[in-house]
Amino acid sequence: MKENRRISIAAPVSRLSEAASLIKSGVNEIYCGILTPENIKNRPDINVINRRAGASSNLPSFDSLEKLVNLAHSKDVKVSFALNEFYGFNQLSEALQQAEVATECGVDNIIIADIGLLRKLSKSLADKVDIHISSVASVFNSATVEFYKRFNPAKIILQRALRMDEFRMLAQENPDTVFEVFLMRERCYFVDGCCGFIHNSYLSQDKAIGRFFKSERLSGLIASLLPNSVLEKILYRGNKNVLPCNFSYSIDESSKSEHLFNSPSNFMNACGLCSMYDFMDMGISNFKISGRSIQIDKIKPIRFIKEAEKLVNAATTKEEYMAEVQKLALSLSVPCSPELCYYSEGEE
């Protein structure tokens with residue numbers, strides 16, 4: 001790669017207090033959701049409007065969102081608003097209302113999975129906000145890309161489940177489409193749009209904080225005030241994770257309980273930086289950090305990706321890049337092993 005290529009990093013934000021440090025770290029986009037007290041009261045926990053339950057995973061109000069937008073825009077950082085769930089009739093009305101208010105707050109993009117919401121917003125808000133197709137929409141091939149192109153999306157976020165050769169084929173067949181791929185944190189082994197696990201288990205994060213401080217009602221506020229080191233000890237004692245896919249299960253009628261993954265920490269610490277060289281060679285340079293629910297150390301992944309960008313542009317071969325990025329991981333104390341790789345199988 002002879003000419004330097006610039007990347008774009010999208011990072012999650014779940015509290016206004018962390019926004020300034022995320023923006024200062026050099027992200028190009030931040031994304032978030034809203035969960036108001038009214039949402040919590042009227043909506044069952046198993047059906048959250050943006051796939052992230054719990055006060056500590058969301059901004060608490062549109063007033064907070066507007067402040068976030070103003071702060072981000074003052075530093076030329078874009079804000080994306082997540083409405084990335086599938087909706088029934090009543091839920092669709094609520095999602096439309098949130099989209100309209102978020103647009104009034106000045107968000108740049110809305111992340112959408114539901115086709116009904118997509119159809120309505122592409123007509124009513126097309127000239128006010130850009131649309132990002134969520135990974136939950138499950139784009140696997142160019143025929144699906146062509147379908148979504150009719151809604152003029154600014155970006156399509158691709159599935160984690162794709163192989164590297166499939167990413168390359170999509171990029172080659174759709175050179176005019178902006179694709180984004182996940183690169184760090186929360187490596188889900190399942191297809192987002194087909195996952196049958198209940199995502200309300202993020203609420204256990206609030207409960208863990210609440211039990212610790214004897215005030216579950218204030219868990220979101222408490223999380224926003226605690227330093228990362230303290231939150232980590234409260235939330236992940238004993239290497240436990242808050243998602244049901246990371247619980248231990250009895251598999252194949254065996255009496256022995258096992259994890260579906262090699263370790264719960266593989267989900268939280270997942271990293272795809274070894275694949276960054278290939279992605280940039282394909283022309284994919286938009287990278288997403290997962291983890292609106294993660295309350296610990298959101299800056300390190302950003303630093304890692306930005307340093308890896310320099311290595312990609314400096315390397316003359318993929319082998320050279322791989323050697324250097326693994327040294328970088330070691331220097332930043334980022335765990336590195338095949339079990340943690342987002343896209344470990346390589347190209348086929």
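Bear in mind that the values in this text are calculations on the coordinates, not laboratory data. Keep in mind it's a predicted model, so treat the numbers as computed, not measured. All Cβ positions, glycine included, derive from the backbone under ideal geometry; neighbour counts span all protein chains shown.
Annotations
- Qualifying residue in the stretch 150-160 (condition: touching a helix residue (DSSP H, G or I) at 6+ places or on another chain (Cβ under 8 Å), farther than 15 Å from Val191 by Cα and loosely packed, with under 15 Cβ neighbours inside 10 Å): yes
- Here the stretch 148-167 is the region considered, the condition is being assigned to a helix (DSSP H, G or I) and within 27 Å of Lys78 (Cβ to Cβ), and the residue that is farthest from the chain's Cα centre (by Cα) is Lys149.
- Matching residues in the stretch 56-98 - criterion: being assigned to a helix (DSSP H, G or I), in contact with a strand residue (DSSP E or B) (Cβ under 6 Å, 6 or more places away or on another chain) and closer than 22 Å to Asn286 by Cβ: Val69, Ala72
- Looking only at the stretch 273-288, residues that are part of a helix (DSSP H, G or I) and of a type outside the set (A, V, I, L, M) come to 6 in all.
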